[in-house]
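Beneath this line is the structure, given in structure tokens, with notes to follow.
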Amino acid sequence: MAESNYLVTGAAGFIGSHLVEALLARGGRVVGLDNLDDFYAPAIKRRNVESAIASDRFRMVEGDIRDTALVEDILRSGRIGTVFHLAARAGVRPSVENPFLYQSVNVEGTLSVLEAMRKAEVKRLLFASSSSVYGDSSNPPFRETDMVDSPISPYAATKKAGEMLCHAYHHLHGMDMAILRFFTAYGPRQRPEMAIHKFTRIIADGGEIPMFGDGSTARDYTYIEDIIQGMLSIESNLHGYHILNLGESDTTTLSEMIGMIGAALGREPRIRRLPAQQGDATITRADITAARALGYRPSTPIAEGIRKFVAWYHAQQVEAN
């Protein structure tokens, strides 16, 4: 395969670090941009990119996507052909507490990346959006043609705004773009505050799971290897403007997910029931017809993915001790 040059924003994060490794594995040259913020421990993020840094085809830049001049310099000096824009302030619940920060990073930051691309004449972008843009829809599976004008959290609103900015730049400047709506990605390196990672840690330590609501909320959990396979395939076939769901097209309730983690750990989960949280959707499920047309082939059932995650978690604990 011919060598290609990529910029990955949010490169030290969960999805970003896996993507960097996959791009390097297929022969690309990659610049990673990450500000290593303290949403969770920067040491974890540095560890995420340790193997990539060993490659002479990877360069890590510590900086902020809101610094348009920096992003433009990276695009020009790295002769970047494609941008994967994954950097964002993540999390539905924290966005309710700090909406201004989410607006700044997720909206102004995305505009900064787009402006830098325009100035550097880079024409290809894959933008990490979220299933949260569908709001509290009661009509799954969610289709890319569904109306998404009723977000129920500031985080979701910022992702919708990012999508709209991307469309404007596609229309004005002829950029090829894929808007990728991720459905609850999980797997090795998942952020420590996300449910599967957090619940694994609590059950392993013998604690009580804080379960918000009655356990009937359901998610379309998507294993990281499937997410990465989809991103690479879509990038290889990218022409024009697309909005694409990346999910498994299946649903698992919160109670079922907790039970699967307990089974993988060989422990009975202890539950502490709490009121439902503002901003949480009742159900998510992806229609992935459009992504399949561009080569997306998810293949990891949730029970198998949780077993793989628990095996990785155990390995991390052994390494730490």
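The values are calculated or read from the model by the stated rules, or taken from the named source; none is laboratory data. If you're wondering where the values come from, they're calculated on a predicted model, not measured in any experiment. Reconstructed Cβ throughout: ideal geometry from the backbone, glycine too, with neighbour counts over all protein chains shown.
Please verify whether region 135-147 includes one or more residues that are surrounded by fewer than 24 Cβ atoms within 10 Å (Cβ to Cβ), without any contact (Cβ under 8 Å) to a residue 60 or more places away in the chain, of a type outside the set (Val, Ile, Thr) and closer than 30 Å to residue 236 by Cα.
Scanning region 135-147 turns up at least one residue that is surrounded by fewer than 24 Cβ atoms within 10 Å (Cβ to Cβ), without any contact (Cβ under 8 Å) to a residue 60 or more places away in the chain, of a type outside the set (Val, Ile, Thr) and closer than 30 Å to residue 236 by Cα.
It is to be established whether one or more residues within region 52-68 are charged (D, E, K, R), over 18 Å from residue 112 (Cβ atoms) and without any contact (Cβ under 8 Å) to a residue 24 or more places away in the chain.
Looking for residues that are charged (D, E, K, R), over 18 Å from residue 112 (Cβ atoms) and without any contact (Cβ under 8 Å) to a residue 24 or more places away in the chain, one finds at least one in region 52-68, hence yes.
Quick check, is residue 57 surrounded by fewer than 17 Cβ atoms within 10 Å (Cβ to Cβ), at positive phi and not aromatic (Phe, Trp, Tyr)?
So residue 57 fails the test.
Suppose we filter 193, 163 for residues that are in contact with a strand residue (DSSP E or B) (Cβ under 7 Å, 6 or more places away or on another chain) and at negative phi; which single one remains?
163
Based on what the data block shows, is residue 150 among the small types (Gly, Ala, Ser) and either without any contact (Cβ under 8 Å) to a residue 24 or more places away in the chain or touching a strand residue (DSSP E or B) at 6+ places or on another chain (Cβ under 6 Å) (or both)?
yes
Is it the case that residue 48 is polar (S, T, N, Q), modelled with pLDDT of 95 or more, within 21 Å of the chain's Cα centre (by Cα) and under 23 Å from residue 170 (Cα atoms)?
No.
Within region 164-254, considering only strands (runs of 3 or more DSSP E) that don't extend past its boundaries, which have at least 2 residues that are among the hydrophobic types (A, V, I, L, M, F, W, C) and farther than 29 Å from residue 266 by Cα?
Working: elements: 176-182, 208-212, 241-246.
The strands (runs of 3 or more DSSP E) meeting that bar are 176-182, 241-246.
Among the residues of region 226-248, which ones are polar (S, T, N, Q) and in contact with a Ser or Thr (Cβ under 9 Å, 6 or more places away or on another chain)?
If the condition is that a residue be polar (S, T, N, Q) and in contact with a Ser or Thr (Cβ under 9 Å, 6 or more places away or on another chain), then 229, 245 are the ones that fit.
For the subset of region 43-59 comprising residues that are outside any loop (DSSP other than H, G, I, E, B) and touching a helix residue (DSSP H, G or I) at 6+ places or on another chain (Cβ under 6 Å), which member is nearest to residue 191 (Cα to Cα)? It would help to see each step written out before you state the result.
Just the residues of region 43-59 that are outside any loop (DSSP other than H, G, I, E, B), to begin with: 43-48, 50-53, 58-59.
Then keep just the ones that are touching a helix residue (DSSP H, G or I) at 6+ places or on another chain (Cβ under 6 Å); that gives 48, 52, 58.
Values: 48: 11, 52: 19, 58: 23 Å.
Selected residue: 48.
Taking the conditions exactly as written (within 19 Å of the chain's Cα centre (by Cα) and over 26 Å from residue 183 (Cβ atoms)), does residue 42 satisfy them or not?
Against the criterion (within 19 Å of the chain's Cα centre (by Cα) and over 26 Å from residue 183 (Cβ atoms)), residue 42 qualifies.
Return the residues of region 122-134 that are over 12 Å from residue 235 (Cα atoms), hydrophobic (A, V, I, L, M, F, W, C) and within 15 Å of the chain's Cα centre (by Cα); say none if nothing qualifies.
Those that are over 12 Å from residue 235 (Cα atoms), hydrophobic (A, V, I, L, M, F, W, C) and within 15 Å of the chain's Cα centre (by Cα): 128, 133.
In the set 169, 221, which member is in contact with a Ser or Thr (Cβ under 6 Å, 6 or more places away or on another chain) and either crowded, with 19+ Cβ neighbours inside 10 Å or without any contact (Cβ under 8 Å) to a residue 24 or more places away in the chain (or both)?
221 is the lone residue from the list that is in contact with a Ser or Thr (Cβ under 6 Å, 6 or more places away or on another chain) and either crowded, with 19+ Cβ neighbours inside 10 Å or without any contact (Cβ under 8 Å) to a residue 24 or more places away in the chain (or both).
Testing residue 228 on (1) more than 20 Å from residue 297 (Cβ to Cβ); (2) out of contact with any strand residue (DSSP E or B) (no Cβ under 6 Å at 6 or more places or on another chain), one condition comes back false. Which one is that?
(1)
Determine which member of the set 240, 207 is at pLDDT 95 or above, of a type in the set (Gly, Ala, Ser) and closer than 26 Å to residue 315 by Cβ.
207
Based on what the data block shows, is residue 203 touching a helix residue (DSSP H, G or I) at 6+ places or on another chain (Cβ under 6 Å), among the β-branched types (Val, Ile, Thr) and over 19 Å from residue 39 (Cα atoms)?
So residue 203 passes the test.
For region 31-38, state whether one or more residues are among the aliphatic types (A, V, I, L, M), touching a Lys or Arg at 6+ places or on another chain (Cβ under 7 Å) and modelled with pLDDT under 95.
Narrowing region 31-38 to residues among the aliphatic types (A, V, I, L, M): 31, 33, 36.
Right, trim to touching a Lys or Arg at 6+ places or on another chain (Cβ under 7 Å) and you get 31, 36.
Add one more test, that the residue is modelled with pLDDT under 95, and what stays is none.
So far as region 31-38 goes, no, none of its residues is among the aliphatic types (A, V, I, L, M), touching a Lys or Arg at 6+ places or on another chain (Cβ under 7 Å) and modelled with pLDDT under 95.
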